Each structure stands twice: as C-alpha cells, then as structure tokens.
1. Give me the angle, in degrees from 0 to 90, between the Cα long axis of helix B:11-25 and the longest principal axis of the Cα atoms of chain B, rounded to the nearest 10.
2. Would you mind counting up the charge near A:R18? Only other residues with Cβ under 12 Å from its Cβ, with Lys and Arg at +1 and Asp and Glu at -1.
3. Give me the inter-chain shielding for B:124-130: mean count of other chain Cβ atoms within 10 Å, whole number please.
4. Report the FRET efficiency, 1/(1 + (r/R0)^6), for A:D27 and A:A122, where r is their Cβ-Cβ distance and R0 is 60 Å, rounded to 0.05.
5. Can you find, among B:T50, B:V65, B:I23, the residue sitting farthest towards the positive end of the charge dipole of the range B:11-74, where Lys and Arg contribute +1 and Asp and Glu -1 at Cβ?
6. Order B:V193, A:V167 by their accessible area, 1.4 angstrom probe, all chains in place, largest first.
7. State, to one decimal in nm², a quarter of the convex hull surface area for the C-alpha atoms of the range A:80-244, i.e. the direction-averaged projected area.
8. Semi-axes of the equivalent ellipsoid of the protein assembly as shown: what are they in whole Å, largest first, if each equals the square root of 5 times a C-alpha gyration tensor eigenvalue?
2 protein chains.
Amino acid sequence: MESPVPHEPPIYRRIADRLRDAILSGDLRDGDRLPGENALMSEYGIARATARQALAVLINEGLAVPKRGSGVYVRRFRPIRRHGSRRLSREQWGAGRAIWDSDTSGRPYTVDDLSITREPAADEAARVLDCEEVWVRRRRYSVDGRPVQIAASHFPALLVSDTPIVVPDTGPGGVYARLRDLGHAPAHFTEEVRARMPTPEESAKLDLPAGTPVIVVCRAAYAAGGTAVELNKMIMDAASYVLQYDFDA
Amino acid sequence: MESPVPHEPPIYRRIADRLRDAILSGDLRDGDRLPGENALMSEYGIARATARQALAVLINEGLAVPKRGSGVYVRRFRPIRRHGSRRLSREQWGAGRAIWDSDTSGRPYTVDDLSITREPAADEAARVLDCEEVWVRRRRYSVDGRPVQIAASHFPALLVSDTPIVVPDTGPGGVYARLRDLGHAPAHFTEEVRARMPTPEESAKLDLPAGTPVIVVCRAAYAAGGTAVELNKMIMDAASYVLQYDFDA
DNA sequence: AAGTGGTCTAGACCACAAT
DNA sequence: TTGTGGTCTAGACCACTTG
C-alpha cells in the first residue's frame, strides 16, 4: 500500500485560497484589482483555463467581480438595513448598537418599472389570499442608481378593484393607508425569509454579478379579523441588505 | 455599419437554459439525473469544456448537484421552518396557511461538535456585549444526519463564569433558563439576517454543494434593563431553512 | 471494466476597455 | 493598439462510482 498522504488541494484551489486570504486579511481592499489571468499564468506557470478556474472560485463566492476588458476586482459590500418591526426596534434596546455595520443614512429609494395588472392568482398568492383573481403592483427599487430590490404586491381582486390601490400614485401612506380607508387596515404581518441563487431573469433585473444570492421575503398582511389582505413578494440583492427583526421574549 | 442583430447567448448558456426549463417545469424532478458531459457533447456536438460550462451554470445556481463518478442530479429542496417569535406566530393568523411548503414535522435536531471555550471577544461580540472576554458555546446541528447549521453563542465572561452555562449540559430550558436563574432573563431579542456565499470552511462544516448560499443570523438577547446578555451567530444552509417572523402593525 | 465527473494543457478567436 | 476577460476546441490523465 502507498502511504496515505493527505491529498493536496488542486492548484486552482490553492491559488484561490491565497487570493481569498489577501482579500479577507485586508491586503486587497474594496475595489482593488486582482492579478488577472495572464498574471496568474506567468506567476504560477499554469494554463489559461486553470487561471480562469481560480478566479471563478472567488467570483462564485461573491468576493470578486469581473469587469470585461479591464480586470477582476474585489467586491464592495455596503448593505442597507431593513427593519421588520420598527415599533420594537433597537432605539430602546442595546443602546443603539447594531451588530453589523450598514448604511443607516436613509438614502432615498427610487422606483422604476412600476406596473399594475390584474391576473389570475398563482400558487402562493391563491393559497394565502384565498382568491382566484388578484391585482399585482410590481416595481423595482434602486438606491444610488443601482437596483437593489424587485417586489410584487398581490391584493385580492374583489377587495381592491376600482380603488386607489390599483392606480400608480396611492397617495400619502401608500397602499396600507388605503387598505385602512377601505376598512381593512393591516393588523398583523408575517414574513417568510429564504435565500437562494437568482434566476437569470432576477439576475438581469437586479444587475447582479455572479456569486450573489438573493434574499426572498414573502410578507403577508392580515386585517384584524384574520383575513389576508396583501401578499408581497420581494427579491433583494443579498449583498445590499441586512434584515433586522425585533421581538420580545 | 452592420445591422445591430441582438446577440444570441453563447451555446453553453442556451444549453443551461434548456436544462433549467426542464427542471423548473417539472420535466426533471428532484433527484433525477441530468444528461452528463458525454451526453451533451454528442447531442450538441460541442467540446468537453463547453458541456462542463453548461452544467456549471446549473450547479452554481443551486439547481443541480454533481456526484463524482456518477452524474449530475436535480437538487432537492425541503426547508425547515424556523420561527423568530413563536408567541405571535401564525396559529391565530391566516388560518395556519404557510406561504411556502416546508417540513413542519418537527424532526429532531442532533448536536455534535459541541465546544465551550473562553476567548477574547472579537469585533461584533465585543461591541454588542460590551466586554473584552467571552465564553463561547459552539455547536453544529444536524437533521436526519445532515448538517444544517453551525452556531456560536457568546456570553460576557464576567456574567457566566462558574455557572451552568459553561458546562456541556445546561439542563432543562437551556441557556436562557440559566440566564433567568442568574437574574438576567432575556426580555428582548433582535436578529440581523444576511445571506452570502459560504467560506470554504463553512462549506466543509455544512457539507454544502456548490451554488448554496448560507443565511447568517446574528441574534442579540437583552435583559430587562437593556444589557446584552448573549450574542448568537448562526450559519445556516440556505437550502434547508425558511425563517418566519411575525409582528403586529 | 466502463462510465462519470475533476483537473489540466495549449492552443484559438472574439468583444470590450483603457491608453 | 494592447491587454483584458468570454467563449470554445481537442486533446490528456486522474479518482471515483457503478455494474
């Protein structure tokens, strides 16, 4: 028997490991350029495909972003903080210390691609809203000109047809204020949170580099009687968000 | 000038698109085998590397899992539901309808790799717990023999030294009951949720296939006076979890 | 033993960015 | 114009799984 030598990782892995260490240790900082394919080929005496493979590791880990014709760069991470329940939020707890740094500066959202359509209710919407026809408000949010979230709010058609909810400008307070006007003020929310890799469509709409997951938040709003009045499905660039939830014991 | 023909996607993308459609439409189901490299080579008349590239797309999207020496298979997705605040939870709201299907069956966790150490507090722990030395309980949770989460609970050293919190078996009610015994019952929680691609270390500990993000939950527990008494950092296999949060308007 | 995915070489042509 | 990443071919050897 051969002596059971522990397997060395393949070359491309070792190169990726070195580069990752440089990024995580701070040797390479946000926006810095990584050694390119040619540099790696000559430095390590490897073929083109192998150098690409090493860089692909970091790209798929979300640590680096390739720019065509230019180079591969260390990725930036500046998340937005999104509060689940503001009422219980950290102002009175923990002396305002956040766990992760984030952009608290309240930079303004812009909305584009707003569309309002009436459709047959699909899967989740049909089950939660318990109806067959829905009005859907779809929109995309951007911060600093970069898209960060796409959202689709579903309302039972019977509830909102011919109301301000199905026109572009819902007025002060937004759709929740209008639901209140209709006697269906949301009293309770439940949010379900998942994370996964984006579909190509989501990737395009959010302009995501490879290696970026999306956070999927599905929020149902219930009126006081327990009827579901809204189902909002949000797809967020995971590199752009920190979600915060507060609750009492 | 040439007529501006819209670019066709490269071959490997088109193949990946076809396979993705087959998966999402249900033609290929959970656990089914995808056409392998050789099959794609002969079917499309392409080189090995190109076939690999097509499969790599699906693998990095988390839709497929490669098995060495065997084939590439459609990935299974059966998440566990984790409740943020049980008290407000869906029992009384929405007639118990969950938005996403999930394993409600309460399958038991098993814990392995439990370790309890005293360490200097690092970055987040130092800031939130406002101390320089912490006790850390690290453990890994598995369900059905598959690891799904690693967690590290941090406690201020001054608070918990020589208490049942720093021994393996914390007794009925766990660490929160013991904190209560010490007069530091948690009264408020705040959780911060992020998603990102795993580090190689996390990938190894959770045995993650490529294309699987992790959900990172950082939970701080505060006693009635507002002092932080615990910081728990959890790394979860994103394909294994749905997080649920309930709150009132 | 045959088939599969994992790694790697040595070329090629292209589109795009920087200069 | 030069260098960069993006795509692709045509081979090769290996480790592993399955029959």
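1. 60 degrees
2. -1
3. Rounded to a whole number, the mean comes out at 3.
4. The computed FRET efficiency comes out at 0.80.
5. B:T50
6. From most accessible down to least: A:V167, B:V193.
7. Value for the range A:80-244: 10.5 nm².
8. 37, 33, 23
The values are calculated or read from the model by the stated rules, or taken from the named source; none is laboratory data. What you see is a predicted model, and the numbers here were worked out from it, not measured in a lab. All Cβ positions, glycine included, derive from the backbone under ideal geometry; neighbour counts span all protein chains shown. When the accessible area is computed, the model is the full protein with side chains, heavy atoms only, and any ligands, DNA or RNA have been set aside. Shrake-Rupley method; radii C 1.70, N 1.55, O 1.52, S 1.80 Å.
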